[in-house]
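I have placed the structure first, in the form of structure tokens, so that the comments after it can refer back to it.
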């Protein structure tokens, strides 16, 4: 924290994977310290909690969790080094930061209003923007949209038209799910994936064609 401005200052590298930002800082022993930040709606989780996260990561490993991440651990567990496995690191940090008290982001507007001029890129989705969605295809689609999830859970979906009307809803019970849109009119729709356990939702724009 900058005492003059009150701004949060970080010296290091920032990367993003599956909707989580990772802050990587070089340590004197040739290792790297990592903590994570997640933004959901107007809340930010993990800000100014680097040392809390470091301790939480060590505790998880010492308690026998996330064994597949362990690259090296000494006899008294005072030195722990992890493999840079993106998917496993996301699981580890997701569990840690969701239990941290969030800060509020002010003057931010995530409101989306669909119009006839809305441009939808049909070459695919940016997977780094999602935590729960692994893939959605084809897009554009004629009759079936396949939704692949990162993991099973309490997940439901909604299909919304450009006027904001709910057209279809249901549950996604498998890792690979099929949604029948064959009776939809040609046009643009929003596919909303809702994770009820984590109270999060992700939106993919879908084009229905004949």
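Any read-out appearing in this document is the output of simple, stated calculations on the displayed coordinates, not a laboratory observation. No experiment lies behind these values; they were computed from the predicted model shown. So basically every Cβ, Gly included, is an ideal-geometry build from the backbone, and we count neighbours across all protein chains shown.
Could you calculate the FRET efficiency of residue 137 with residue 10 from 1/(1 + (r/R0)^6), where r is the beta carbon distance between them and R0 is 41 Å, rounded to 0.05? If you can, show how the numbers build up before the last one.
Values: r = 36 Å, r/R0 = 0.88.
Efficiency, from the Cβ-Cβ distance: 0.70.
Two decimals is fine: what's Rg over Rh for the range 127-208, C-alpha atoms, Kirkwood radius as Rh? The partial results should precede the final answer.
Numbers: Rg = 11.8 Å, Rh = 12.7 Å.
Result: Rg/Rh = 0.93.
Roughly how many nanometres apart are two label points built 7 Å out from the Cα toward the Cβ at residue 183 and residue 43?
Here the answer is 3.7 nm between the modelled labels.
For the range 51-92, what is Rg from Cα atoms divided by 2.2 N^0.38 Å, rounded to two decimals?
Details: Rg = 9.7 Å, N = 42, 2.2 N^0.38 = 9.1 Å.
Scaled against compact globular proteins, the figure is 1.06.
For residue 27 and residue 162 in one chain, what is 0.36 nm times their gap in residues minus the Cα-Cα distance, to one decimal in nm?
Values: separation 135, 0.36 × 135 = 48.60 nm, distance 4.99 nm.
So the chain would gain 43.6 nm between residue 27 and residue 162.
Indicate the gyration tensor shape class of the range 13-104 (rounded, prolate or oblate), computed on the Cα atoms with a ≥ b ≥ c the square roots of the eigenvalues: a/c under 1.5 is rounded; otherwise a/b larger than b/c is prolate and the rest oblate. Each step should come with its number before you reach the end.
On the way: a/c = 1.80, a/b = 1.65, b/c = 1.09.
Note, shape of the range 13-104 comes out prolate.
Can you tell me, using C-alpha contacts under 8 Å and at least 6 residues apart, the relative contact order of the range 127-208 as a whole percent? Walk me through the numbers before you get to the answer.
Values: 176 pairs, mean separation 25.9, N = 82.
For the range 127-208, the relative contact order is 32 percent.
Set the Förster radius R0 to 41 Å, insert the Cβ-Cβ distance between residue 75 and residue 146 as r into 1/(1 + (r/R0)^6), and round the FRET efficiency to 0.05.
The pair residue 75/residue 146 has a calculated efficiency of 0.25.
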